[in-house]
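Peer 1: There's a structure below that I have some questions on.
The values are calculated or read from the model by the stated rules, or taken from the named source; none is laboratory data. Only a predicted model underlies this, so the values are computations on that prediction, with no experimental measurement involved. For neighbour counting, all protein chains shown are included, and Cβ atoms are generated from backbone atoms with ideal geometry for every residue, glycine included.
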Amino acid sequence: MLKKVLYNPFAGMAFCVLYLISIRYLQSIYEVKNIMVYGRGYQFPLLFDIMQTAVMWLPFMILLVNCTLRKEWKLLFESSKKVIQRYWTGFAVYLAVLLFVLKSIGLGDMHYDISFIHVTVDMTPSFGTYVVMEWLYHMFESINSILFLVFAPFLYCVGLMILKERKKGPTGKGSERNI
C-alpha cells in the first residue's frame with residue numbers, strides 16, 4: 001500500500017514538503033534551545049549548517065551518486081526528460097502555488113502576516129513561539145529551503161522513473177539478474 005502511494009508523483013511532492021517541514025522544525029527546536037541557553041549572539045558552527053544541509057539533500061544525493069557509480073548518466077537524462085514531458089503541468093501548478101504561498105507569508109518581530117487571507121498573528125514571547133518564528137523563517141526565507149521546495153519534487157519523480165526503468169531492464173520486459 002505504501003509503495004503504491006509513494007509511486008504517485010503528486011504524493012511524492014507532498015512527501016518532499018513534509019520531509020522539509022519536519023527537518024526544519026527539528027532544526028528550529030535545536031536552534032532556539034541553544035539561543036536560550038547561550039544567548040542571542042550564539043553562532044552555530046559551520047559543521048551544523050553542513051550537516052543539516054546534507055540531511056535535507058541526502059535522498060537525492062544518493063540518487064546522483066548511485067547513477068554516477070553505475071555510469072547511468074544517459075538513464076538519468078532520459079528519465080528527467082520523461083518526467084518533464086509527462087508532469088510539466090503538475091510542476092507548473094505546484095510552482096505557482098509555491099510562489100503564491102512564499103509571497104503571502106510575511107515575517108515580523110514576534111508576528112507573521114498571511115496576506116492572502118488578511119490575517120496577522122501576534123505572538124507573546126515563549127519557547128514555543130520562538131520555535132514557530134524560527135521555523136517560519138527557515139521555511140519561507142531560507143534560500144536552501146526554497147531551492148529544496150523547487151527541485152525536490154522533480155528529483156523525486158526522476159528517482160521513481162529511474163527505478164521503473166531499472167525494473168524493466170535493458171530489454172524492457174522485466175528485471176533480469178546477471179550473476
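Peer 1: Being small (Gly, Ala, Ser) and either at pLDDT 85 or above or within 17 Å of Phe148 (Cα to Cα) (or both) is the filter here; which residues of segment 91-109 pass it? Spell out the reasoning first.
Peer 2: First, pick out the residues of segment 91-109 that are small (Gly, Ala, Ser): 92, 96, 104, 106, 108.
Once the filter is applied, which keeps residues that are small (Gly, Ala, Ser) and either at pLDDT 85 or above or within 17 Å of Phe148 (Cα to Cα) (or both), segment 91-109 yields Ala92, Ala96.
Peer 1: From (1) touching a helix residue (DSSP H, G or I) at 6+ places or on another chain (Cβ under 7 Å); (2) in a loop (DSSP other than H, G, I, E, B), pick out the condition that doesn't hold for Asp109.
Peer 2: (1)
Peer 1: State the number of residues belonging to segment 60-76 that are within 14 Å of Met161 (Cβ to Cβ), free of Cβ contacts under 8 Å to residues at least 60 places away in the same chain and not in a helix (DSSP H, G or I).
Peer 2: Number of matching residues: 0.
Peer 1: Now a separate question. List the number of the failed condition for Tyr112; all other conditions in (1) at pLDDT 80 or above; (2) buried (at least 16 other Cβ atoms within 10 Å of the Cβ); (3) of a type in the set (Phe, Trp, Tyr) hold.
Peer 2: Of the numbered conditions (1) at pLDDT 80 or above; (2) buried (at least 16 other Cβ atoms within 10 Å of the Cβ); (3) of a type in the set (Phe, Trp, Tyr), the odd one out for Tyr112 is (1).
Peer 1: Inside segment 112-134, can you point out the residues that are within 19 Å of Arg24 (Cβ to Cβ), among the hydroxyl-bearing types (Ser, Thr, Tyr) and in contact with a helix residue (DSSP H, G or I) (Cβ under 6 Å, 6 or more places away or on another chain)? Break it down stepwise before answering.
Peer 2: Here is the first cut: in segment 112-134, the residues within 19 Å of Arg24 (Cβ to Cβ) are 112, 114, 121, 123, 127-134.
With among the hydroxyl-bearing types (Ser, Thr, Tyr) added as a condition, the list becomes 112, 129-130.
Result: Tyr112, Tyr130.
Peer 1: Among the numbered criteria (1) touching a helix residue (DSSP H, G or I) at 6+ places or on another chain (Cβ under 7 Å); (2) of a type outside the set (Val, Ile, Thr); (3) assigned to a helix (DSSP H, G or I), which single criterion is violated by Tyr42?
Peer 2: (3)
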